[in-house]
Amino acid sequence: MPRSDRSREASAGPSREEAGPADYTRRVVAVLIASFLARLVVVRFLDLTFMETYGAVVARQPSLSFFDQPPLTWWTIAGAMRLFGSDDALIVRLPFLVMSVISGWLIYRITTRLFDSRAGFYAVCAYLLSPLLGLSDGSLAQTNGPMTVFILAALLTFLHIDFAASRIRDNGIWYTCAFLFGCALASKYLAILLVPGLLVAVASRAEGRRWLLRPATYLGLVVLLVPLLPVIVWNAEHGWVSFLYQGARAGGDGSINMARAFRWTLTQVLIVHPLVFGPALYMLYRGLRNGPRQEGPWLLACMSAPVLLFIFGVMVWSSHPLRGYHWASMGYLPLLPLVGAWAGGLAADRPDAARRWLATLAATTILVIGLLMAHVFTGWAERVAPAKAFRSQDPILLELYDWDDLPVALTARGFDPSRTFIAATRWEDCAKAFYAVGDRFRSLCLAGDNIHFTYLADAEKFRGMDAVIVDRYANLDAVRYNLDGHFETFSEDVPIRLNFHGRKMHDLRIVRATHFDGTWPKPRIGAKGRQ
């Protein structure tokens with residue numbers, strides 16, 4: 001695909017650069033390295049989130065794929081843990097931090113190809129300083145990290161196709177693009193939402209329509225499926241549960257939930273960052289309005305719009321208790337080059353305004369990180385917030401501390417690992433508890449929505465054993481209600497205090513249960529549990 005028109009209308013400013021391409025390239029490299037080192041320090045002091053902990057636990061046991069996610073993310077975690085011989089948070093996250101550097105470079109290359117190197121520099125800054133895209137997706141061990149790398153790699157490859165020429169060489173580029181996009185799907189199923197917009201952009205050009213009529217084009221579908229073979233094989237052996245589970249989460253009962261959709265939208269503005277979200281939405285509108293006559297903006301807008309509309313629609317119609325604040329990440333990725341073009345145009349017309357925009361973006365993001373880290377070490381927010389906000393636990397650090405005190409307390413209380421297993425009735429508690437105890441105790445998740453935990457252990461092999469049931473909230477009566485009939489007796493033990501950097505985080509409830517019956521149902525498709 002040829003380079004986009006760099007007119008004033010496309011980038012909101014002239015294309016003349018104040019610095020040469022080499023200068024902007026050096027700036028981008030410096031920013032990427034500085035951001036990597038800064039985030040490396042920050043994540044060293046934050047333990048794994050619920051989802052990261054879950055990934056670290058399920059990655060201990062090799063599997064072709066997983067109940068709720070495609071395999072590439074958990075394989076990455078497994079590889080890091082085996083390579084370094086540790087499941088420390090920094091080790092688990094390290095590959096994803098490296099991926100964010102690669103993603104930043106790919107954003108620069110894409111934006112430079114479509115616009116210019118100045119726009120590329122601003123696009124990278126917007127990516128790195130967005131709390132959702134750069135800090136969360138770019139730092140945490142979750143599915144969005146590898147998905148982002150492969151989407152961007154596929155997009156950059158796609159831009160090298162000359163549809164008008166229809167050369168044999170372009171077939172190879174097309175197949176490479178298909179393979180990379182298959183890897184994105186092997187990271188996160190939602191990446192499929194980018195396909196409709198991409199097809200619209202291709203079909204809107206005469207040479208693109210001719211390309212779509214070529215038989216060789218559809219060999220790309222075969223290539224795309226290659227990275228998904230483990231997913232297909234595993235699901236064929238397990239009743240296609242991954243697709244049934246993910247599809248059920250978008251199902252509705254006819255009700256309309258505009259309040260949730262409004263909350264989701266407001267949250268998107270905040271976590272993408274208002275100074276990125278605003279220009280992104282504006283440039284999305286411009287790209288759609290100007291249409292195919294500006295190839296680059298049109299392609300990027302077409303890829304983004306269906307994703308954002310679909311996720312917003314799910315928030316409106318789904319009957320499940322979803323949050324899904326990170327689901328739309330892939331919809332913002334194609335908009336980053338457009339944000340860079342907007343900022344580049346602003347820098348050409350009003351350099352001081354562009355510097356203020358970038359400085360404010362950087363200052364506000366750094367301030368938020370600084371406040372978070374200050375709270376980690378001092379707990380300052382607890383002193384200024386209403387008392388009820390911190391009554392039972394720290395809502396800010398709810399997910400970001402490990403339960404390291406759990407195995408120490410269990411050993412001190414004399415629990416026998418040969419007769420006792422660890423259990424919980426929420427998948428989040430299962431993840432934290434199982435990660436903390438490691439191989440010191442056997443573990444079995446007794447959650448209604450126990451996702452891939454179902455495949456980690458056979459309940460029958462725990463028949464007759466006693467259990468230590470951990471729970472952040474439920475008392476003895478609630479645990480007995482949830483597990484009645486599976487154990488003979490229940491008794492409550494003294495809670496275990498969980499600490500983080502010397503401060504109390506929570507009192508973990510402990511219930512002793514005797515003589516497990518060895519049965520537990522598989523997760524119900526459509527269960528309203530995980531978000």
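Values computed for the structure shown
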read-out	value
Filter result for residue 195 (in contact with a Cys (Cβ under 7 Å, 6 or more places away or on another chain), within 16 Å of residue 334 (Cα to Cα) and either surrounded by 19 or more Cβ atoms within 10 Å (Cβ to Cβ) or assigned by TED's automatic domain parsing to the domain that holds residue 63 (or both))	no
Any hit, the range 190-204, residues being outside any loop (DSSP other than H, G, I, E, B) and of a type in the set (Ser, Thr, Tyr)	no
Helices (runs of 4 or more DSSP H) wholly inside the range 233-350 that include at least 2 residues being among the hydroxyl-bearing types (Ser, Thr, Tyr) and within 29 Å of residue 63 (Cα to Cα)	241-249
Count of the range 149-180 residues which are closer than 24 Å to residue 206 by Cα and part of a helix (DSSP H, G or I)	16
Contacts under 6 angstrom Cβ, first residue in the range 409-434 being farther than 11 Å from residue 54 by Cβ, partner assigned to a loop (DSSP other than H, G, I, E, B) and among the aromatic types (Phe, Trp, Tyr), 6 or more apart	417/441; 422/441
Residue count for the range 378-398, restricted to those that are within 19 Å of residue 472 (Cβ to Cβ) and either of a type in the set (Lys, Arg) or assigned to a helix (DSSP H, G or I) (or both)	5
Any chance residue 87 is closer than 20 Å to residue 500 by Cα and either outside the structural domain of residue 137 (by TED's automatic domain parsing) or more than 18 Å from the chain's Cα centre (by Cα) (or both)	yes
Tabulated pairs, the range 377-390, first modelled with pLDDT of 90 or more, second small (Gly, Ala, Ser) and outside any loop (DSSP other than H, G, I, E, B), C-beta under 6 angstrom, 6+ apart or interchain	380/374
Residue tally, condition among the acidic types (Asp, Glu) and surrounded by 17 or more Cβ atoms within 10 Å (Cβ to Cβ), over the range 431-475	3
Residue match in the range 418-425 (condition: under 26 Å from the mean Cα position of the chain (by Cα) and surrounded by 14 or more Cβ atoms within 10 Å (Cβ to Cβ))	yes
Close pairs from the range 151-175: first assigned by TED's automatic domain parsing to the domain that holds residue 107 and modelled with pLDDT under 90, partner surrounded by 15 or more Cβ atoms within 10 Å (Cβ to Cβ) and not charged (D, E, K, R), Cβ under 6 Å, at least 6 apart	163/208; 163/211; 170/161
Whichever residue in the range 272-319 is of a type in the set (Ser, Thr, Tyr) and more than 28 Å from residue 361 (Cα to Cα) and, among such residues, is surrounded by the most Cβ atoms within 10 Å (Cβ to Cβ)	318
Subset tally (residues that are charged (D, E, K, R), touching a strand residue (DSSP E or B) at 6+ places or on another chain (Cβ under 7 Å) and either without any contact (Cβ under 8 Å) to a residue 12 or more places away in the chain or closer than 24 Å to residue 383 by Cα (or both)) for the range 481-506	2
The range 227-241 residues that are at pLDDT 95 or above, paired with ones that are surrounded by 14 or more Cβ atoms within 10 Å (Cβ to Cβ) and β-branched (Val, Ile, Thr) (beta carbon under 7 Å, 6 or more apart)	235/241
Residue 134 being out of contact with any strand residue (DSSP E or B) (no Cβ under 8 Å at 6 or more places or on another chain), under 30 Å from residue 427 (Cβ atoms) and surrounded by fewer than 18 Cβ atoms within 10 Å (Cβ to Cβ)	no
Of residues in the range 198-252 being surrounded by 15 or more Cβ atoms within 10 Å (Cβ to Cβ) and of a type in the set (D, E, K, R), the one nearest to residue 298 (Cα to Cα)	205
Meets criteria (surrounded by 13 or more Cβ atoms within 10 Å (Cβ to Cβ), of a type outside the set (A, V, I, L, M, F, W, C) and either assigned by TED's automatic domain parsing to the domain that holds residue 474 or free of Cβ contacts under 8 Å to residues at least 40 places away in the same chain (or both)) for residue 326	no
Residue count, the range 355-394 (criterion: surrounded by fewer than 15 Cβ atoms within 10 Å (Cβ to Cβ) and in contact with a strand residue (DSSP E or B) (Cβ under 9 Å, 6 or more places away or on another chain))	3
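Residue-by-condition table, conditions (1) in the same structural domain as residue 497 (by TED's automatic domain parsing); (2) of a type in the set (A, V, I, L, M, F, W, C); (3) closer than 24 Å to residue 500 by Cβ:
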site: 376; (1), (2), (3): no, yes, yes
site: 398; (1), (2), (3): no, yes, yes
site: 423; (1), (2), (3): yes, yes, yes
site: 472; (1), (2), (3): yes, no, yes
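One line per residue, one yes/no per condition, for (1) among the charged types (D, E, K, R); (2) more than 13 Å from residue 337 (Cα to Cα):
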position	(1), (2)
102	no, yes
107	no, no
118	yes, no
125	no, no
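The values are calculated or read from the model by the stated rules, or taken from the named source; none is laboratory data. Given the structure is predicted, the values throughout are model-derived calculations rather than measurements. All Cβ positions, glycine included, derive from the backbone under ideal geometry; neighbour counts span all protein chains shown.
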